[in-house]
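*Asks:* Mind having a look at this structure? Questions to follow.
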Amino acid sequence: MKGFILKHIIAFILVILSGTLLMDVAQRVQKVEREIKRSEREIVREEEAIRTLKAEWAYLNDPSRLEVLAVGGLGLASPDALKLVSDMYGDERANSNSSVFIPRPTKSPLHMDISFSSDGNGGSR
């Protein structure tokens, strides 16, 4: 009879222990689910903020808007084709009144002497 009662007490303790562990696991699962939902809401907010920033960026970099700001606010004007060509080829008459500085190399990089020798000095002796 004593063994019968001991078995029942052990079984009762195991049932209580497993119930307690089950409740603990259920609480942890619910906590993690809440954290996942909170993270998903935060992701949605951040994606919305990114969409808003992209729209603002597109508006701020609109070429027609930038042209209006450059001409109206800064007094800049688009150069004409003749001015660009004369600046590119170094026509000094066109450059005398130019407000744009275009540096010109003293020697064209396409016409530089690039000779190689076997002595490792790059052609200079």
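The values are calculated or read from the model by the stated rules, or taken from the named source; none is laboratory data. Bear in mind the structure is a predicted one, so any value in this text is a computation, not a measurement.
*Asks:* I need a count of the residues in the stretch 56-80 that are outside any helix (DSSP H, G or I) and within 20 Å of the chain's Cα centre (by Cα).
*Replies:* Final tally of qualifying residues: 2.
*Asks:* Would you check which residues across the stretch 43-101 are modelled with pLDDT under 65 and of a type outside the set (Gly, Ala, Ser) and list them?
*Replies:* ASP87, MET88, TYR89, ASP91, GLU92, ARG93, ASN95, ASN97, VAL100, PHE101, listed by residue number.
*Asks:* Also, I was wondering about something else. Against the condition within 39 Å of the chain's Cα centre (by Cα) and among the small types (Gly, Ala, Ser), how does ALA11 come out, does it pass?
*Replies:* Judged against the criteria, ALA11 is not a match.
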